[in-house]
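Some notes on the structure that comes next.
The values are calculated or read from the model by the stated rules, or taken from the named source; none is laboratory data. Keep in mind that what you see is a predicted model, and the values were worked out from it rather than measured. Cβ coordinates were reconstructed from backbone atoms using ideal geometry, including for glycine residues, and neighbour counts include every protein chain displayed. The area values use the complete protein model at the heavy-atom level, side chains included, leaving out ligands, DNA and RNA. Shrake-Rupley method; radii C 1.70, N 1.55, O 1.52, S 1.80 Å.
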Amino acid sequence: MHRRIAFVALLLLLGIPNSNSCSNILVTPGASKDGSAMIAYNADSPEVMGMVYHYPAKESIPEGTMRDVYEWDTGKYLGAIPEASQTYNVVGNINEHGLVIGETTFGGLLQLTSQPKALIDYGSLIYITLQRS
């Protein structure tokens, strides 16, 4: 048993220097001892390591309000989209209703790297969706 654990630990350690993507661990209610669903998300970027984002809920947002959108990775202004009339509380990658969004990106399709008219990048899409769903 100890050899198996040591072997798995070695494999994990050897893979860490070559890891360029985010990681998710998902546990379904049927797989957990107490019937809980669980998710663990690790952003393998040193710029966001240890960050926990919080977006408070907002109510009665006036019709016609626009929301500025900034690229999640760089902070570059991308444009504005109509704001929802109500948003939900978001802490980390989960909203107040239990919706969780994780991602495991690294790179992507070369054709999608430059989209001058795009208003929402992947990170903004996650957090805007969590606030509205």
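All of THR105, THR113, THR87 fail the test of being within 19 Å of VAL69 (Cα to Cα) and modelled with pLDDT under 90, apart from THR113. Looking across segment 100-133, the residues that are of a type outside the set (Val, Ile, Thr) and within 15 Å of PRO56 (Cα to Cα) come down to TYR127, LEU130, GLN131, ARG132, SER133. Contact map, segment 86-106: residues that are closer than 17 Å to TYR122 by Cβ paired with residues that are of a type in the set (Lys, Arg), Cβ distance under 9 Å, separation 6+ or inter-chain. No pairs are found. Please indicate, with yes or no, whether at least one residue in segment 94-107 is among the aromatic types (Phe, Trp, Tyr), under 20 Å from the mean Cα position of the chain (by Cα), over 15 Å from ALA43 (Cβ atoms) and loosely packed, with under 13 Cβ neighbours inside 10 Å. No, every residue in segment 94-107 fails to be among the aromatic types (Phe, Trp, Tyr), under 20 Å from the mean Cα position of the chain (by Cα), over 15 Å from ALA43 (Cβ atoms) and loosely packed, with under 13 Cβ neighbours inside 10 Å. Tally time: how many residues in segment 14-28 are at pLDDT below 85 and either assigned to a loop (DSSP other than H, G, I, E, B) or acidic (Asp, Glu) (or both)? Qualifying residue count, segment 14-28: 4. Within segment 43-54, residues that are at pLDDT 70 or above have Cβ atoms under 7 Å from residues that are open to solvent by less than 100 Å² (accessible area, probe 1.4 Å) and in a loop (DSSP other than H, G, I, E, B) in these pairs: ALA43/CYS22; ASP44/SER19; ASP44/SER21; ASP44/CYS22; VAL52/GLY92; TYR53/GLY92, counting only partners at least 6 apart in sequence or on another chain. State whether the residues of segment 29-38 include one that is modelled with pLDDT of 95 or more, at negative phi, in contact with a strand residue (DSSP E or B) (Cβ under 7 Å, 6 or more places away or on another chain) and part of a loop (DSSP other than H, G, I, E, B). No; the residues of segment 29-38 include none that is modelled with pLDDT of 95 or more, at negative phi, in contact with a strand residue (DSSP E or B) (Cβ under 7 Å, 6 or more places away or on another chain) and part of a loop (DSSP other than H, G, I, E, B). Within segment 115-131, the residues that satisfy the criterion of being in a helix (DSSP H, G or I) and open to solvent by 50 Å² or more (accessible area, probe 1.4 Å) are TYR122, LEU125.
Residues that are in a strand (DSSP E or B) and loosely packed, with under 11 Cβ neighbours inside 10 Å within segment 61-81 comprise MET66, ASP68, TYR77, listed in sequence order.
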